[in-house]
1. Looking for something in contact (Cβ under 8 Å) with a residue 60 or more places away in the chain, closer than 24 Å to residue 119 by Cα and either over 15 Å from the mean Cα position of the chain (by Cα) or surrounded by fewer than 17 Cβ atoms within 10 Å (Cβ to Cβ) (or both) - is there at least one such residue anywhere in segment 4-17?
2. Could you please give the count of residues in segment 106-134 that are closer than 19 Å to residue 57 by Cβ, buried (at least 19 other Cβ atoms within 10 Å of the Cβ) and without any contact (Cβ under 8 Å) to a residue 60 or more places away in the chain?
3. Look at residue 55 and say whether it is modelled with pLDDT under 95, assigned to a helix (DSSP H, G or I) and surrounded by fewer than 20 Cβ atoms within 10 Å (Cβ to Cβ).
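The values are calculated or read from the model by the stated rules, or taken from the named source; none is laboratory data. Not measured: the values here are computed from a predicted model. All Cβ positions, even for glycine, are placed from backbone atoms using ideal geometry, and neighbour counts span all protein chains on display.
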């Protein structure tokens, strides 16, 4: 039978992968498609809202599973004094940055004025999702180092 630690690690890994991968898909496929007039504003809004639900769920699950993992695998001293602990703290900071950057990206993507095209919304959101992609890649690299 799986332990709580195993469940927390599995949930953490799955949602971290889905969230970071989804961020890369939005930045690399959805935003360019909308900017090239391949998506309507309704389609873009639907995709953005669905990904927002995934983002909120991922943030909550990563917070709880990561908190459990950090609390059982590290002490305050090892978080601050070991290289692995420093990587964990860096991941927590980047996790927060990614959540904030995506929040502002979603605001630009979904707060369109009546009659605004998907091109305009995607263009406004593009820098935020590109920044989110950089943070997502950094998180994946750090996870690989752990």
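1. No - not one qualifying residue is present in segment 4-17.
2. Residues of segment 106-134 closer than 19 Å to residue 57 by Cβ: 106-107, 109-110, 129, 132.
Keeping just the survivors that are buried (at least 19 other Cβ atoms within 10 Å of the Cβ) gives 106, 109, 129, 132.
Those left that are additionally without any contact (Cβ under 8 Å) to a residue 60 or more places away in the chain: 106.
Adding up the residues that qualify gives 1.
3. Working: modelled with pLDDT under 95: yes; assigned to a helix (DSSP H, G or I): yes; surrounded by fewer than 20 Cβ atoms within 10 Å (Cβ to Cβ): no.
No: the conditions fail for residue 55.
Let's see how each residue does on (1) more than 15 Å from residue 140 (Cα to Cα); (2) in a helix (DSSP H, G or I); (3) modelled with pLDDT of 90 or more:
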position	(1), (2), (3)
27	yes, yes, yes
43	yes, yes, yes
59	yes, yes, yes
78	yes, yes, no
85	yes, yes, no
96	no, yes, yes
100	yes, yes, yes
114	yes, no, no
124	yes, yes, yes
